[in-house]
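Written out below as structure tokens is the structure these notes cover.
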Amino acid sequence: MNAAASSSFVLKAHLLWWDDDPYFHGHATQHSVPKGAMAIGEDGRIAWVGEADALPEAFGAWPSVDRHDTLVLPGFIDAHLHFPQSGIIGAYGTDLLDWLDTYTFPEESRFGDRVHAASIAATFADALLYYGVTSACVFSTIHPAALEELAAAFDARGMGLVSGKTAMDRNAIPTLQDSAQSAYDESKALIEALEPRYERFDYAVTPRFAITSTEAQLEVCGALHAEFPQTRMQTHINESAREIQTVAQLFPNDASYLDVYDRFGLVTDRALFAHGIHTTPAEMTRMAQAGASVVHCPTSNTFLGSGLFNPGANREAGVNIGIGCDIGGGTHFSPFVTMQEAYKVARFHDQSLRAAETYYWHTLGNARVMKTHTDTGSLSAGKWADFVVLRDPINDPIAALRLERVETDEQRLFAYQFFAPRVETWTRGVQRTTPPAHRRPHLKTTPARRT
Ligand code: GUN
Ligand code: ZN
């Protein structure tokens, strides 16, 4: 594959995206252009977007790519998942801590082998593209070679990557531990090597979670995050009851789980905290004040029985929310499955997520929590031409029954969470996947309404 093989063209399709959070800013955030055109330059970026009738003359001679009778959305973004866990999805177990010890740590120990890491990285990146994911915030392992291979795999496919070497220097098997010093040295070397090498790579300082890092290691993570102000920070927080209890025992002088990270300078506006199911009101207030983000991972939370994330409480507190599949605690790469599970989990709090809200999270919302929103997340001029072409499922009579009853864009998107469409994925203006050939018309151009 070639990351930079785009040639200029004009995509003609029904374009749909969000330019802000529809929960807070209403229906006007949704842009739906049934007879749309998107001009994409040789640099792989969107040069112009709007009504096909209004296409400026400058783009009139560019070849046209026709995708009528489909819906074109921004490429999906996943804000939390683990590439070395691709092989342990659905591994039978009990709670989070047992699952980590029994399956996860032994599996991750294998990633010191560069050939193995490269092979899984390729499979992982291909799987994401297949399901429409064009950029992601990913956990690797402690091994520098694993991160190098992951970054190369994403770059080769034109995908955006936020990731870092995992830091963990206690409470894991010896083959999966580094030290405070090696975490600092290796992370610094990786930042300096990979950020200039790959245009779409951003480093995330990555202490796995408070249980597997000593104070000395959390301190060097905070130092790195401060020394390299462009870095993101990713970790886990408030996922399971046993985890929270263990953190309280390991850090008896900190008032809360978040306080542990805060003491080391890890609660910033570039921080992504996965899970946050049992976050207290005081912790939410502090996260909001810092501009930090929580990443909701619903299929993981139901699989491991960790608990039910409360979107409303986080929103009321002003915490930014992202969404991720959290493979391999999570059970599916597909954003449609993740969004479906988010809907179900919210129902347990008597909340109902509109399609616009979940799709926003999986596009511009995640770009914002990953701080890649100037480059990705919407179909806006200047951003990378990362997009998905969605077609109704085929050979599925029940899906057909359901979709026959759909009248608006938003109803169709809502239904797609349960009857996944066929997905064709583009990154940097290059088609990366091919959906099943057969296509049938389905779209009505009824103006979108609130459901
Ligand atoms: N907490 C620390 N490590 C992990 C992990 O790999 N998966 C999940 N779900 N939670 C974690
Ligand atoms: Zn995770």
Where a residue in region 324-337 is charged (D, E, K, R) and its partner, wherever it lies, is within 8 Å of ligand 2 (Cβ to nearest atom), with Cβ under 6 Å and at least six apart | 326/80; 326/81; 326/297; 326/300
Does residue 195 fit the bill of being in a loop (DSSP other than H, G, I, E, B), open to solvent by 30 Å² or more (accessible area, probe 1.4 Å) and in contact (Cβ under 8 Å) with a residue 12 or more places away in the chain?
-> no
Assess whether residue 309 counts as being within 13 Å of the chain's Cα centre (by Cα) and crowded, with 18+ Cβ neighbours inside 10 Å.
-> no
Tally, over region 275-296, of residues that are closer than 14 Å to residue 310 by Cα and surrounded by fewer than 17 Cβ atoms within 10 Å (Cβ to Cβ) | 2
Got a sec? Which of 399, 355, 317 is more than 29 Å from residue 40 (Cα to Cα), open to solvent by less than 10 Å² (accessible area, probe 1.4 Å), modelled with pLDDT of 95 or more and not hydroxyl-bearing (Ser, Thr, Tyr)?
-> 399
Restricting to region 275-308, what's the tally of residues that are more than 15 Å from ligand 1 (Cβ to nearest atom) and part of a helix (DSSP H, G or I)?
-> 10
Take residue 324 and decide whether it is over 13 Å from the mean Cα position of the chain (by Cα) and either within 16 Å of ligand 2 (Cβ to nearest atom) or more than 22 Å from residue 74 (Cα to Cα) (or both).
-> no
Counting only residues that are in contact with a strand residue (DSSP E or B) (Cβ under 9 Å, 6 or more places away or on another chain) and in a helix (DSSP H, G or I), which one in region 212-227 is nearest to ligand 2 (Cβ to nearest atom)?
-> 212
Could you tell me whether region 59-74 includes any residue that is under 29 Å from residue 239 (Cβ atoms) and modelled with pLDDT of 95 or more?
-> yes
Consider residue 49 against the criteria (1) over 22 Å from residue 388 (Cα atoms); (2) open to solvent by 10 Å² or more (accessible area, probe 1.4 Å): it satisfies all of them except one. Which criterion is unmet?
-> (1)
Are any of the residues in region 264-274 over 21 Å from the mean Cα position of the chain (by Cα) and assigned to a helix (DSSP H, G or I)?
-> no
Filter result (assigned to a strand (DSSP E or B) and over 13 Å from residue 427 (Cβ atoms)) within region 115-164 = 137, 138, 139, 162, 163, 164
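The rows are residues; the columns are (1) open to solvent by 30 Å² or more (accessible area, probe 1.4 Å); (2) within 30 Å of residue 276 (Cβ to Cβ).
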site	(1), (2)
8	no, no
22	no, yes
32	yes, no
80	no, yes
89	yes, yes
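The values are calculated or read from the model by the stated rules, or taken from the named source; none is laboratory data. Model, not experiment: these values are computed from the prediction. FYI the Cβ positions are ideal-geometry reconstructions off the backbone, even for glycines, and counts take in every protein chain you see. Protein only, heavy atoms only, side chains kept; ligands, DNA and RNA dropped before computing areas. Shrake-Rupley method; radii C 1.70, N 1.55, O 1.52, S 1.80 Å.
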